[in-house]
Structures are given as structure tokens and as C-alpha cells.
Amino acid sequence: MLNVAIIGATGYTGLELLRILAKHPEVEVSAVTSRKEAGKKVAEIFPFEGKFGELIFEEPAPEKIAQKAELVFLCVPHGAAAKAAKSFLEAGLKVIDLSADFRLKDQSIYETWYKTAHEAPELLPQAVYGLPEIYREEIKRAKLIANPGCYPTASTLPLIPLLKAGLIQEESIIIDAKSGVSGAGRSAKLRLIFCEVNEDFCAYNVATHRHTPEIEQVLSEASRKNLKVNFTTHLVPMNRGILATIYAKAKENIDEKTLRSCLVDFYADEVFVKILPEGIFPNTAHVRGTNLCAIGLKFDQRTRRVILVSAIDNLVKGASGQAVQNMNLMAGFPEELALDTRPLFP
């Protein structure tokens, strides 16, 4: 059995890890931490929790966690995660960080977009970006995983194959993405209370969203060019899900058959990426509770624009499910172990 600890287990991503790992046959959750709830049983805070209800929240002390676990999931805010990752690595544990602290390779870009000093820049070269469909072999050898953001996961998976094949104009990419409210986390914020969110639909962080450089970094690697994208995010009054609609100009003499074949062939052996048939586009409800990324494609011959629509559950493929997928790779388990959940539909 692989013993793991969840650092910051009272947030949505921590709770989602407990939900997924409850049915993992090769993993034991040996520790959960929460500074606020330390000393209380999980079931005292979350009465619905069965398998892990008797676990007691403790302080995130690396030396104590190292006696119980071999790998930790960091479900703490950016800034705090980098310092914690350093301590846990020094204690001999492997780390999967669900924050943004190790996703960007350039320290200065991180500090510009996140407006805070990086607490462990010396670890950036060893961090592996945890998008399994693209970086699988590197993930298997890694000790520190930078789990991708939810928006970047939904945005980059449809585009990477087309960029690698040189089928779209790199400077033409526009990403229009919408997320459920859980993407903002579990802490109380005025803008996220029911009366503010219900019956509303709005754009936010227009041209300034922190996931922009992460998307550009991944797509630049795929295209081998320095890409810039237009990325606009929206808040939708639903709990879970991301729907990204992506536009790009096709290169000359490219047709829909070529585009579709590129996607289908690239992801032919991937369990968690599904390319939908012609004329079919994904709903967020079709991936709710799953580790799937569903992708639809349309080529508008009239405008020469490629239109890609992708859907993920932001808490699963966009966070905790992808973290478990990375853990499975690092531990040598079957990649889909504990992640073969059917959608929660309706």
C-alpha cells in the first residue's frame, strides 16, 4: 500500500481527493491536515465522510507526516505551497502540488502574475508539469509534480495536437472559457455568495487571468514558438464544470477531416480524453464527477476558423482527479485506478 497525506484537506480539492481515494485499492490515506480544524475528526466537520471519518486533522508538520506517508498532496494556496513543498521534499516525501507555485518555469513570470515572491525558486527546474497525456514519462520519474490548473487543462488538451502538427495559425488562438463556482475555492467571498452568483453570468479577470501564462507556456512548448493567446474567463452559476470554446485560424489547405484525424490519432490510446463524433459537442454535465476531458470539433469553412469545445470537471480532471492520475504514474499503478467513474448525470 502507498501511504499518502492530504495537506489542507478541508477545501474542495482535498475533499475530492478523499472521495476518489476512498475506492483506490492500493492507497491508504494516513494523514489529513488542517490548521483550523486540528484535533477534530474528519466526520465532525464532514458527517458524510465514511471511510476516512475517524482520521483526525493535524498540523502540517513535515517531520511527523514523513513518519506516516510517502507522498503528499498539497491542497494549499499559492505562496504557501512552495514553502511547504520544500519542507516535505527535504523530509523525503514525494509531492504533488495542486497550487500554481511550480507550474511556471520562469520565476519572474510567476512573480509578475501572482504578485508575490516565489518561496522556493530553486525547486522550479525539478518540477514536472503534471499533464499526463503530454508529459507521462517525465511524471513517472518525478518527485515534485506541478498539477495543472483547471482552465489550462481544458484549454491546452484540444490545442496541443493541432499545434504539434502545424495545422493552425499560432497567433490566432482565442480561448473563451466558463467555470462553475467551485473553481474559486471554499473560502467565503462576497462575490461568490448565492445572491451574487445565482441568475448571473459574467466575465472576470479579462486579459489578466493568472492561468494565461501557464496556457501560453504549454502551447509554446507544443508549437516551439513563443505564443500569446487571448484568454477570457466567465463565472457560471453552477457548482462544477468548465466549458472552453476555442477559436483558431486553420492554415492553408487544411480541412475538417485532417483536423479531426489529428485529434483522434493523437489521443487514440488515452483513457481520459474523448474526441466526440462529428456534430457532437460536450456538455459539462456529461463529464461531471469524472476525470474525462471531452472535446468536440467544427471547422467553419466560411471563416477558415477551427472551433474546439472542451468540457472537464474542474475538481476532477481540473484538479484532484488529475493529481491521482499523476500519483498512479509515479507509483507504477495502472493510470486509471480509482478514476473510472461514470458521469453524475443528471
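The values are calculated or read from the model by the stated rules, or taken from the named source; none is laboratory data. Since we're looking at a predicted model, the values are computed, not measured. Cβ sites come from the backbone with ideal geometry, for glycine too, and all protein chains shown count toward neighbours. The area values use the complete protein model at the heavy-atom level, side chains included, leaving out ligands, DNA and RNA. Shrake-Rupley method; radii C 1.70, N 1.55, O 1.52, S 1.80 Å.
Conditions tested, residue by residue: (1) surrounded by fewer than 21 Cβ atoms within 10 Å (Cβ to Cβ); (2) hydrophobic (A, V, I, L, M, F, W, C).
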site	(1), (2)
2	yes, yes
32	no, yes
38	yes, yes
44	yes, no
47	yes, no
Turns out the helices (runs of 4 or more DSSP H) fully within the stretch 169-267 with at least 1 residues that are at pLDDT 95 or above are 212-223, 256-266
Return a yes/no flag: does the stretch 310-325 have any residue that is modelled with pLDDT of 95 or more and over 16 Å from the mean Cα position of the chain (by Cα). no
With criteria (1) buried (at least 19 other Cβ atoms within 10 Å of the Cβ); (2) within 22 Å of the chain's Cα centre (by Cα), residue 83 comes up short on (1)
Scan the stretch 194-209 and report the pairs whose first residue is touching a residue at least 12 places away in the same chain (Cβ under 8 Å) and whose second residue is in a loop (DSSP other than H, G, I, E, B), with Cβ atoms within less than 8 Å and a gap of 6+ or a chain change. 197/237; 198/237; 199/237; 200/237; 201/236; 201/237
Set 285, 319: member being in contact with a Ser or Thr (Cβ under 6 Å, 6 or more places away or on another chain) and hydrophobic (A, V, I, L, M, F, W, C): 319
Here's a check for you: in the stretch 293-314, which residue that is touching a Cys at 6+ places or on another chain (Cβ under 8 Å) and aliphatic (A, V, I, L, M) is farthest from residue 158 (Cα to Cα)? 312
Output for the stretch 162-216, where each listed residue is open to solvent by less than 40 Å² (accessible area, probe 1.4 Å) and among the hydroxyl-bearing types (Ser, Thr, Tyr): 172, 179, 182, 212
Report the residue count in the stretch 99-122 for those that are under 21 Å from the mean Cα position of the chain (by Cα), open to solvent by 20 Å² or more (accessible area, probe 1.4 Å) and not charged (D, E, K, R). 3
Across the stretch 268-297, what is the total count of residues that are under 11 Å from residue 310 (Cβ atoms), of a type outside the set (Val, Ile, Thr) and either open to solvent by 80 Å² or more (accessible area, probe 1.4 Å) or assigned to a strand (DSSP E or B) (or both)? 5
